[in-house]
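A short write-up of the structure that comes next.
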Amino acid sequence: MKRLFSILAIAAVMAFGNVQAATAPAQVLSTNVQLAIAPLTTTAVQDAAAEDATDDLSFHQELKKRFIEGGPGFMGIVLLCLILGLAIAIERIIFLNLSTTNTKKLQQNVEDALNSGGVEAAKEVCRNTKGPVASIYYQGLDRADESIDAAEKAVVAYGGVQMGQLEKNVSWVSLFIALAPMLGFMGTVIGMIQAFDKIEAAGDMQPSLVAGGIKVALLTTVFGLIVAIILQIFYNYIVAKIDRIVNDMEDASITLIDMLVAYKNRK
């Protein structure tokens, strides 16, 4: 009986020892796997964070980065063209909007004043109204006492003066539209020349030698085209606005002559 208990005790001890022996390598293997996976996980997390940081760059930050990469030389000149062109365009837009008047209302007011109070009353209406149409009306009314032909010549002559004021400095905007892409193309040519100079100095055709120069060249071209597109939009709006005002001036001039003829006939 004692021998049976001894055998059972020895068997239990041996079984427990085998379980521990089998568990220990598994634990060691698990530890080794964790140690091996940890650097990979850390690297993956870091790469994901870097990608997120790159994706989180705003449009302004990306534009600033590309501008710096393009070099301060030609990029600065292209930026100067954009600033000057926008300044002139905004000034012209403000001036043209202030020069826009309700032509139909002005014609009605001048005709009513002309019928009720004569030429002086009509001139007073023009003095109190802003815009080129009112100025043309004033000049025509100022020569109305001489003759209809004198009034018509005054209207035509002063209409040319007002048109010149409307188109003032617009040619500078068109200059910057043409200049910006030309500067970009010049930067492209210079960047390509620098790339080939590096190839010649190294005596070997390696992509790393020419990549920087080509990148700078393309960036200057892109920014030059962007500046030209922006200024072209403003330029077209300004030209359309001037054409509309000039058409109003021409129609109003014809109406003024008709009103003066009718006024002379009533007298």
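Going by the structure shown, is I238 touching a Gly at 6+ places or on another chain (Cβ under 8 Å) and modelled with pLDDT of 85 or more? No; evaluated as a whole, the condition is false for this residue. Would you confirm whether or not the range 158-166 contains a residue that is exposed (fewer than 15 other Cβ atoms within 10 Å of the Cβ), farther than 20 Å from L98 by Cα and not aromatic (F, W, Y)? No, the range 158-166 contains no residue that is exposed (fewer than 15 other Cβ atoms within 10 Å of the Cβ), farther than 20 Å from L98 by Cα and not aromatic (F, W, Y). Mind checking whether some residue in the range 137-151 is at pLDDT 85 or above, part of a helix (DSSP H, G or I) and among the β-branched types (V, I, T)? The answer is no; no qualifying residue exists. Pairing residues of the range 113-134 that are free of Cβ contacts under 8 Å to residues at least 60 places away in the same chain with residues that are open to solvent by 50 Å² or more (accessible area, probe 1.4 Å) and of a type in the set (A, V, I, L, M), at Cβ distances under 9 Å and at least 6 apart in sequence or on separate chains, gives K130/L98; G131/L98.
Could you check the range 75-121 and list, in sequence order, the residues that are open to solvent by 70 Å² or more (accessible area, probe 1.4 Å), in contact with a helix residue (DSSP H, G or I) (Cβ under 6 Å, 6 or more places away or on another chain) and charged (D, E, K, R)? Residue satisfying the conditions is E111 alone. Checking each residue in the range 226-259 for being open to solvent by 80 Å² or more (accessible area, probe 1.4 Å) and farther than 29 Å from Y138 by Cβ picks out I229, I233, N236.
Note on the range 189-203: residues that are open to solvent by less than 70 Å² (accessible area, probe 1.4 Å), free of Cβ contacts under 8 Å to residues at least 40 places away in the same chain and either within 10 Å of A217 (Cα to Cα) or touching a Ser or Thr at 6+ places or on another chain (Cβ under 6 Å) (or both) total 3.
The values are calculated or read from the model by the stated rules, or taken from the named source; none is laboratory data. What you are looking at is a predicted structure, and each value in this text was computed from that prediction instead of being measured. Cβ coordinates were reconstructed from backbone atoms using ideal geometry, including for glycine residues, and neighbour counts include every protein chain displayed. Each accessible area value is taken on the protein alone, full model and side chains, heavy atoms only, with ligands, DNA and RNA left out. Shrake-Rupley method; radii C 1.70, N 1.55, O 1.52, S 1.80 Å.
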